[in-house]
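The values are calculated or read from the model by the stated rules, or taken from the named source; none is laboratory data. Since this is a predicted model, take the numbers as computed values, not measurements. Here the Cβ positions follow ideal geometry from the backbone for every residue, glycine too, while neighbour counts run over all protein chains shown. Please note that ligands, DNA and RNA were not included when accessible areas were found on the heavy atoms of the full protein model with its side chains. Shrake-Rupley method; radii C 1.70, N 1.55, O 1.52, S 1.80 Å.
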Amino acid sequence: MSESQPGAPVPRHGLWRNQWIFVLAATGAAVGLGNIWRFPYITGENGGGAFILVYLVSVLALGMPIMMSEILLGREGRHSPVTTMRHIIGRLGKSRFWMLIGWLSVITGLFIFSYYAVIAGWTLHQTTEYAGQITGQVSTDDAKSRWDAFLANAPRLILFQTAFVILAVLAVGGGVKKGLEVVTTWCMPGLFLLMLVLLAYSAWQGDFANGLTYMLKVDFSKLGADGMLAAMGQAFFSLSIGMGSLMAYGAYAPSNLSITKAALTITLLDTLVAIVAGLIIFPLVFAYNLEPGSGAGLLFITLPHVFDTIPAGALVGTVFFVLVGLGALTSLIALIEPATAWLVEHFNAKRLRVAISIGVFCWLLGLGSALSFNYWSKLYIFGSMTFFNVIDKLTANFLLPIGGLLIALFAGWVLPADLVREQLRLGTVGLAIWYWLTRVVAPIGVILIFISSL
Ligand code: PHE
């Protein structure tokens, strides 16, 4: 695929093979722990259906326009978010204030990556546990005590964290064609396939009727203002918007890509995966009379109770945690791509070398999160928050919303309309809707999330 847009800068890091690979890679960035771990337990905590309804509205009204803005900016600049912003600002003669968008994308990505790799490691631990049970090494402890023992074991947490850091570094170090595309091509079809297998299993062994009712029953009395804001925040985190991942990916998108169709597809797939994850988890949880609103432990404690009991549980558990691990890996690479691309441009350095340096930095930072579950669990950095809690809150509640807000304001109010029109290729009505969402609805929504976290 050659770059045919007249006068467009040459993409510095190469192009995706075709538009479908772009859509798949961006879906890989979006689908991850946010969908399979965070979405079901937050839904559980907020009473099910009503939460999902607010989530869907947020995804469409808030997430889609910001996602489109990010892809648009990336494809316009064709570089890392930092260089892209510098070029666009320079060409249009706009304030350097907007460089914040570029810098935030680097910083937020590194921060999220640091703890995300630790949690991704948990899926690898669970995979080895259940794979071990298939081969006969059955532990007699219950799921809760096994889990507590694991969290207390810092070297083991760090071991699995390290494994994910290495995988992500190798993928990003390989570049767009030999790294990101390869991981996308293998992980995403695998993820979809495993999801279908598990969905079928859950329909067979789970209490599907109750699981479905739980997710569809819209009862707003169980959803307070907090729940509504949590739904908006979740939409944000899950779509990977507000931190330049999709701007970086958009920089490698072919010019014949329809940004609107791509954003719609990514959004729908991301939402579908979240819903299907719920449809796998809740019927199983109900079939064994467990608590759907059990919080963050839903995936790592409650669900293992099920796997310990159901027919072929060890195999199903193995498949399930491999699936979550695949989703986590494709998100991890998206988190460090902006920083990697920028350093490659800035120092004209070898990609692999840059990726390794970033990996080492994030690994060190991530140790703080890994230790937050054992040695440092009583080391409160702020109030009663551990290092992990601080990084998590700082990124999800502050940096992502601020990034998203700036992106929406910049794309909606600062970019010249003809540039937007040329990139989005929407009709008059479509463009009017996009402007209305990007200029007014998304900024107000983001400000609401932001205020709620204060
Ligand atoms: N969207 C990812 C998930 O749902 C997390 C993520 C956020 C990835 C921001 C990249 C950038 O797990």
Residues within region 283-301 that are under 27 Å from the mean Cα position of the chain (by Cα) and hydroxyl-bearing (Ser, Thr, Tyr), tallied
1
Residue list for region 373-385, restricted to those being in a loop (DSSP other than H, G, I, E, B) and either open to solvent by 40 Å² or more (accessible area, probe 1.4 Å) or modelled with pLDDT under 90 (or both):
373, 375, 376, 377, 378, 379, 380, 381, 383, 384
Pick out, from region 293-372, the helices (runs of 4 or more DSSP H) lying fully within it that include 1 or more residues that are of a type in the set (A, V, I, L, M) and either closer than 30 Å to residue 77 by Cα or open to solvent by 50 Å² or more (accessible area, probe 1.4 Å) (or both).
313-347, 351-371
Would you tally the residues in region 189-216 being within 23 Å of residue 55 (Cβ to Cβ), more than 21 Å from the chain's Cα centre (by Cα) and surrounded by fewer than 14 Cβ atoms within 10 Å (Cβ to Cβ)?
2
Within region 94-106, work out how many residues are of a type in the set (Gly, Ala, Ser) and either open to solvent by less than 20 Å² (accessible area, probe 1.4 Å) or part of a helix (DSSP H, G or I) (or both).
2
Can we say residue 123 is touching a Lys or Arg at 6+ places or on another chain (Cβ under 9 Å), surrounded by 24 or more Cβ atoms within 10 Å (Cβ to Cβ) and either of a type in the set (A, V, I, L, M) or modelled with pLDDT of 95 or more (or both)?
no
Pairs needed: first member in region 96-121, within 14 Å of the ligand (Cβ to nearest atom); second member anywhere, polar (S, T, N, Q); C-beta distance under 6 Å; at least 6 residues apart or different chains.
108/395; 111/395; 112/395; 115/369; 117/161; 118/161; 118/369
Restricting region 20-42 to residues that are within 17 Å of the chain's Cα centre (by Cα), more than 9 Å from the ligand (Cβ to nearest atom) and β-branched (Val, Ile, Thr), the residue that is farthest from residue 63 (Cα to Cα)
42
Check off (1) under 26 Å from residue 147 (Cβ atoms); (2) open to solvent by 10 Å² or more (accessible area, probe 1.4 Å); (3) away from the ligand (no atom under 16 Å from the Cβ) for residue 276 and give me the number that stays unchecked.
(3)
Condition check: touching a Phe, Trp or Tyr at 6+ places or on another chain (Cβ under 7 Å) and either closer than 26 Å to residue 399 by Cβ or part of a loop (DSSP other than H, G, I, E, B) (or both). Does residue 211 satisfy that?
no
Subset of region 424-434 [in a helix (DSSP H, G or I) and either surrounded by fewer than 18 Cβ atoms within 10 Å (Cβ to Cβ) or in contact with a strand residue (DSSP E or B) (Cβ under 8 Å, 6 or more places away or on another chain) (or both)]:
428, 429, 430, 431, 432, 433
Do we have residue 124 as out of contact with any Phe, Trp or Tyr (no Cβ under 6 Å at 6 or more places or on another chain), part of a helix (DSSP H, G or I) and hydrophobic (A, V, I, L, M, F, W, C) here?
no
Just name the residue that is farthest from the chain's Cα centre (by Cα) out of those in region 398-411 that are open to solvent by 10 Å² or more (accessible area, probe 1.4 Å) and away from the ligand (no atom under 13 Å from the Cβ).
409
Just to verify a result, which residue in region 222-270, among those that are more than 15 Å from the ligand (Cβ to nearest atom) and hydroxyl-bearing (Ser, Thr, Tyr), is most open to solvent (accessible area, probe 1.4 Å)?
265
Of the conditions (1) over 26 Å from residue 286 (Cβ atoms); (2) within 14 Å of the ligand (Cβ to nearest atom), residue 179 fails just one. Which one is it?
(2)
State whether one or more residues within region 34-48 are touching a helix residue (DSSP H, G or I) at 6+ places or on another chain (Cβ under 7 Å), farther than 29 Å from residue 430 by Cβ and free of Cβ contacts under 8 Å to residues at least 12 places away in the same chain.
no
